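As structure tokens, the structure follows; a few thoughts come after it.
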Amino acid sequence: MKRISIFFLIILSLLFISCGSNEARTFTELSLNTICSITVYTDEDEDLVPGAFALMQELSQMIDMYDPGSELSEVNRAAYGNPVKVSDELFSLIEYAYDITVDTDGAFNIAIGPLVRLWGIGGGDEKRPSDEEIEETLELVDWKDIVIDEQEHSIRFLKEGMLIDLSAVGKGYISEIVASYFRDNGAENAIINLGGNVYALGRHPGGRPWKIGLQNPDSERGGYYSTVECTDEAVVTSGGYERFFIDEDGTVYHHILDSDTGYPSSSDIISSSIISNDATLADMLSTACFVSGSEKAVTIAEYYGVKAVFLTKDGSEIRVGF
Ligand code: AMP
Ligand code: MG
């Protein structure tokens with residue numbers, strides 16, 4: 001398991017608001033570089049939740065850029081020059097993420113890895129790079145330099161030093177697979193919270209939809225600025241407050257980068273939540289909308305037919321699709 005930075009302890013951007021069922025049981029583990037909790041509501045088989053955590057670990061070993069043993073790391077090490085064949089699961093996820101990269105014109109950018117590594121985000125060595133380093137690294141984040149071969153299921157990079165980063169889609173993707181695992185095992189109602197990426201499976205046992213709180217970026221954990229109701233849907237939030245570092249002169253740098261500039265995104269959105277039954281899409285779009293700013297974000301949400309809640313710097317809440 002990766003180092004858990006102090007910043008992760010303030011990341012639960014979305015918190016499930018419990019409706020007080022006596023049968024609720026919550027299990028928490030550090031996984032996927034964050035705090036993950038699963039709440040189940042009936043007397044399920046006692047192996048069910050440990051099975052879900054094991055599944056999460058297994059999937060993380062496919063897509064984690066920071067795990068040298070992951071399948072994605074294998075691709076990142078070897079794809080310059082040589083096509084690398086990948087598993088069907090990873091290939092599908094990369095293809096999906098590539099499509100969203102193209103559609104959002106790189107606001108969500110599958111090829112952002114070299115910039116993320118330069119800033120040390122998630123690797124435990126965060127630092128503000130020089131402008132020259134950023135300028136050079138921007139050469140390596142063009143998704144058009146990734147060659148995806150549909151016949152061969154292979155990936156190739158056209159430039160040395162390129163890296164695919166699936167961190168902005170991984171938790172959504174995993175939450176959806178864990179939700180299917182619960183369904184397949186007869187569990188109808190559960191809350192799967194992967195570091196603030198929530199999948200609300202089924203309904204509250206009382207019969208009403210789940211109510212999910214949206215973390216106020218300026219409040220203590222558990223301080224909400226709004227809530228959304230959902231059933232069999234993911235609520236995925238991107239916010240600069242989730243993960244950041246402060247350099248010597250007090251400047252705060254957060255972890256969501258704008259691949260046009262190479263710097264943390266400075267759009268007018270401070271929190272971007274997407275609600276959809278496609279959790280993988282929700283995760284990608286939450287990042288894309290955060291980077292794009294409110295005007296484009298509304299268009300993106302409408303185009304994909306997802307629900308969205310955006311909080312802007314001036315304190316306005318924008319709701320789409322409700
Ligand atoms: P999220 O919290 O889902 O918005 O994802 C943020 C994580 O995705 C960061 O920690 C980076 O590893 C990576 N990332 C940062 N900026 C972007 C971006 N513009 N597009 C795709 N991934 C990004
Ligand atoms: Mg995301």
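The values are calculated or read from the model by the stated rules, or taken from the named source; none is laboratory data. Bear in mind the structure is a predicted one, so any value in this text is a computation, not a measurement. Note that each Cβ is placed from the backbone with ideal geometry, even for glycine, and that neighbours are counted across all protein chains shown. Only protein heavy atoms, including side chains, enter the accessible area calculation; ligands, DNA and RNA are left aside. Shrake-Rupley method; radii C 1.70, N 1.55, O 1.52, S 1.80 Å.
Between 89, 133, which is open to solvent by 40 Å² or more (accessible area, probe 1.4 Å), in contact with a helix residue (DSSP H, G or I) (Cβ under 9 Å, 6 or more places away or on another chain) and in contact (Cβ under 8 Å) with a residue 24 or more places away in the chain?
Numbers: 133 fails: in contact (Cβ under 8 Å) with a residue 24 or more places away in the chain.
Result: 89 is the single residue among 89, 133 that is open to solvent by 40 Å² or more (accessible area, probe 1.4 Å), in contact with a helix residue (DSSP H, G or I) (Cβ under 9 Å, 6 or more places away or on another chain) and in contact (Cβ under 8 Å) with a residue 24 or more places away in the chain.
Would a scan of region 160-167 turn up a residue that is free of Cβ contacts under 8 Å to residues at least 24 places away in the same chain and more than 20 Å from the chain's Cα centre (by Cα)? So that I can check it myself, show each step before the final result.
Initially, region 160-167 is screened for residues free of Cβ contacts under 8 Å to residues at least 24 places away in the same chain, giving none.
Within region 160-167, not a single residue is free of Cβ contacts under 8 Å to residues at least 24 places away in the same chain and more than 20 Å from the chain's Cα centre (by Cα).
Quick one: which residue in 238, 276, 259, 292 is of a type in the set (S, T, N, Q), farther than 22 Å from residue 33 by Cβ, touching a helix residue (DSSP H, G or I) at 6+ places or on another chain (Cβ under 8 Å) and within 13 Å of ligand 1 (Cβ to nearest atom)? Quick ask: steps written out before the conclusion?
Details: 238 fails: farther than 22 Å from residue 33 by Cβ; 276 fails: within 13 Å of ligand 1 (Cβ to nearest atom); 259 fails: farther than 22 Å from residue 33 by Cβ.
Within the list 238, 276, 259, 292, the selection yields 292.
Would you call residue 27 out of contact with any His (no Cβ under 8 Å at 6 or more places or on another chain), at pLDDT 65 or above, of a type in the set (Phe, Trp, Tyr) and open to solvent by 50 Å² or more (accessible area, probe 1.4 Å)?
Against the criterion (out of contact with any His (no Cβ under 8 Å at 6 or more places or on another chain), at pLDDT 65 or above, of a type in the set (Phe, Trp, Tyr) and open to solvent by 50 Å² or more (accessible area, probe 1.4 Å)), residue 27 qualifies.
Can you tell me which residues in region 131-171 are within 16 Å of ligand 1 (Cβ to nearest atom) and outside any helix (DSSP H, G or I)? Steps first, answer last, please.
Taking region 131-171 and keeping what is within 16 Å of ligand 1 (Cβ to nearest atom), we get 134, 137-138, 140-146, 162-171.
Listed by number, the residues that qualify are 140, 141, 142, 146, 162, 163, 164, 165, 166.
Looking at (1) under 15 Å from the mean Cα position of the chain (by Cα); (2) buried (at least 22 other Cβ atoms within 10 Å of the Cβ); (3) under 29 Å from residue 180 (Cα atoms), can you tell me which one residue 72 breaks?
(1)
Only one of these conditions is not met by residue 267: (1) assigned to a loop (DSSP other than H, G, I, E, B); (2) in contact (Cβ under 8 Å) with a residue 40 or more places away in the chain. Which number is it?
(2)
Return yes when residue 145 is in contact with a Leu (Cβ under 9 Å, 6 or more places away or on another chain) and surrounded by fewer than 20 Cβ atoms within 10 Å (Cβ to Cβ) and no when it is not.
In short, yes.
When region 242-283 is examined, which residues are found to be within 28 Å of residue 180 (Cβ to Cβ) and either acidic (Asp, Glu) or away from ligand 2 (no atom under 14 Å from the Cβ) (or both)?
Answer for region 242-283, where residues must be within 28 Å of residue 180 (Cβ to Cβ) and either acidic (Asp, Glu) or away from ligand 2 (no atom under 14 Å from the Cβ) (or both): 242, 277, 278, 283.
Which pairs do you get when a residue that is closer than 14 Å to residue 239 by Cβ, found in region 203-222, comes within reach of a residue that is outside any loop (DSSP other than H, G, I, E, B) and at pLDDT below 90, reach meaning Cβ atoms under 8 angstrom, with the pair 6+ apart or on two chains?
Short answer, once both residue conditions are applied: 213/14; 213/15; 213/16; 214/14; 215/14; 215/15; 221/10; 221/15.
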